[in-house]
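Take a look at the structure below.
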Amino acid sequence: MIIRNCAGGVVFKDSKVFILKNDKDEWVLPKGKIRGEQLPPETAINRVEYETGVNNPKIVSSAGETAYEFYSFTRHQAVCNKIIWYIMESKNEEHSINLEEGFKEGGFYPIEKAIDMITYSQDKSLVSLAYKRYLEFKDYEQKLNYA
């Protein structure tokens, strides 16, 4: 089995989260393989920017880890993707889906709608938990600004 270490972002703008529709018509979160000497946060930011066109997403917290396995017909063996997730914030809703990477569409969707649309249950749970943590961060940030 091939084990690939990956990183990705759960990107929020207010009460919306960014999701992508891939070439298999699955609604997913932006993520990618950690390459070379890159650190997981760097990979997460780079993949979010590359896949979504969201400029300068800011990491506000870690979001946890997930893993999934699949059979790669091109490699003729099983692959396990281990993903480190980060909660990110975008300054605006501007984006530009990377169609050359096989993504069909995507954007910022209201949290509940996005959770309904997301294909995999562990990604649904991830978004739900990450949103709760994001709201805690925003509440803390607001308290700091008023102090």
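The values are calculated or read from the model by the stated rules, or taken from the named source; none is laboratory data. Only a predicted model underlies this, so the values are computations on that prediction, with no experimental measurement involved. Quick reminder, even Gly has a Cβ in these numbers, built from the backbone with ideal geometry, and neighbours come from all protein chains shown.
What to note about this one:
- Scanning the range 1-43 for residues that are more than 22 Å from K132 (Cα to Cα) and over 15 Å from the mean Cα position of the chain (by Cα) yields M1, I2, I3, R4, D23, K24, D25, R35, G36, E37, Q38, L39.
- In the set G53, G8, only one residue is surrounded by fewer than 16 Cβ atoms within 10 Å (Cβ to Cβ) and among the small types (G, A, S); that residue is G53.
- The residues of the range 22-50 that are surrounded by fewer than 12 Cβ atoms within 10 Å (Cβ to Cβ) and not aliphatic (A, V, I, L, M), listed by number, are D23, K24, D25, R35, G36, E37.
- Residue count, the range 9-60 (criterion: over 17 Å from P110 (Cα atoms) and part of a strand (DSSP E or B)): 6
- K143 vs. criteria farther than 14 Å from E89 by Cα, surrounded by 14 or more Cβ atoms within 10 Å (Cβ to Cβ) and either without any contact (Cβ under 8 Å) to a residue 12 or more places away in the chain or in contact with a helix residue (DSSP H, G or I) (Cβ under 8 Å, 6 or more places away or on another chain) (or both): no
- Hits in the range 88-116 - residues which are surrounded by 15 or more Cβ atoms within 10 Å (Cβ to Cβ) and either among the hydrophobic types (A, V, I, L, M, F, W, C) or in a loop (DSSP other than H, G, I, E, B) (or both): M88, S90, H95, I97, N98, F103, F108, I111, A114, I115
- Of all residues in the range 1-58, those satisfying the criterion of being farther than 21 Å from F137 by Cβ, basic (K, R) and out of contact with any Gly (no Cβ under 9 Å at 6 or more places or on another chain) are R4, K33, R35.
- Residues that are of a type outside the set (S, T, Y) and assigned to a helix (DSSP H, G or I), drawn from the range 117-134: M117, Q122, D123, K124, L126, V127, L129, A130, K132, R133
- The requirement of being hydrophobic (A, V, I, L, M, F, W, C), without any contact (Cβ under 8 Å) to a residue 24 or more places away in the chain and closer than 27 Å to R4 by Cβ is not satisfied by F103.
- Check on I83, buried (at least 18 other Cβ atoms within 10 Å of the Cβ), at pLDDT 95 or above, part of a strand (DSSP E or B) and not acidic (D, E): yes
- Residues of the range 121-147 classified as more than 16 Å from G9 (Cβ to Cβ) and of a type in the set (F, W, Y), total: 2
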